[in-house]
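Working notes, structure below.
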Amino acid sequence: MDRAVTRRAIARVASIVLVVNGCSGLMGPAASGPDGSAGATTGTVTAAPPSRGTPTQPPQTPVPGFEDWQVINPQGVRISVDSAGLLMDLIGPLLWFNERRGVLFYRDVTGDFRATATVRTWSASDPSAAPGQDGTIQLAGLMARTEIPAENYVFIVSGSIGMSTGLETKTTTSSRSVYVQRGLPTGGDAELRLCRVGPTFELSWRHVDSTEAWTLMSTFDRRDMPQTLQVGANIYTDSVPDLVARFEDLKIEPLSPGRPC
């Protein structure tokens, strides 16, 4: 075989490693880094690299069941799936605030939509404990975003909001963020909902494992947002990361124009 062809084939195989932990597919290095790698304690399986897309569009991911999804800041997170849902293990000090970017695992959505998930969070260093509550922000939830012409997004998240667990909503316009926090003794868990109806975004929550009515936490009028947005699961911290989030029953459903959330 021609040596140049052999080298290209080896490079393609080496460009991404799919780490398998049990039966879960764990996303490894950042797709933009040519020499990134991910450690595995139970063995590794190589996989063909995803398409790289344009310079401003992250590559598609090899996460089972989410093959058409993409990730922002893949070097800062380990993403896998288990029998209960999607797992995101934050490993980098990444923050969604003003022009700064945390992690977002998303797909493109056009028009009105309803995104829902049961989000359960815990400390990576002590899985029996809720995250943070030590003055740090350790949060995960649902987000809708565009980066044109700057950071523009809304989200609702659950986890540690400083000295307690609770919820936060945030709206960022041209890389300027405004947020609202609500302390709740939920252990960092909540069922979250993010809806777009025309220019209006409604962010709601309710207790997990309940059938109670949704509680509206924030409404944002974002007439500046384009029709197509990046919608999905986000995770971030303002400190050393110590957060794992599970997204159970994560759904993004279209809404007919004008239909309420």
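Derivation of every value follows stated rules applied to the coordinates shown; laboratory data play no part. The model shown is predicted, which means the values in this text are computed figures rather than measured ones. Counting neighbours? That spans all protein chains shown, and the Cβs are built from the backbone with ideal geometry, glycine included.
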Three-way shape call for segment 80-136 based on the alpha-carbon gyration tensor, with the a/c threshold at 1.5 = oblate
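Can you give the FRET efficiency to the nearest 0.05 for D134 and R206, using r as the Cβ-Cβ distance and R₀ = 35 Å? Present the calculation step by step, with values, prior to reporting the outcome.
On the way: r = 27 Å, r/R0 = 0.76.
After rounding to 0.05, the efficiency reads 0.85.
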With DSSP loop assignment and no more than 13 other C-beta atoms within 10 Å, the GluC sites (Glu not before Pro) in segment 181-261 are E212
So how do 98-109, 216-227, 234-245 stack up, highest first, on mean other-Cβ count within 10 Å?
-> 234-245, 98-109, 216-227
Magnitude of the charge dipole, segment 84-254, Cβ model with Lys/Arg +1 and Asp/Glu -1, debye to 20 | 360 debye
Tell me, what ³J(HN,Hα) does each residue in segment 109-116 have, in order and in whole Hz, if you take phi through Karplus 6.51 cos²θ - 1.76 cosθ + 1.60 with θ = phi - 60° and put x for Gly and Pro?
-> 10, 10, x, 6, 7, 10, 10, 9
How big is the gap, in Å, between the Cα center of segment 93-170 and the Cα center of segment 173-237?
-> 9 Å
Beta carbons within 10 angstrom, averaged per residue: use that to sort the peptides 140-150, 64-74, highest first.
-> 140-150, 64-74
Quick calc: nm separation of the 7 Å Cα→Cβ label points for S175 and E248 -> 4.0 nm
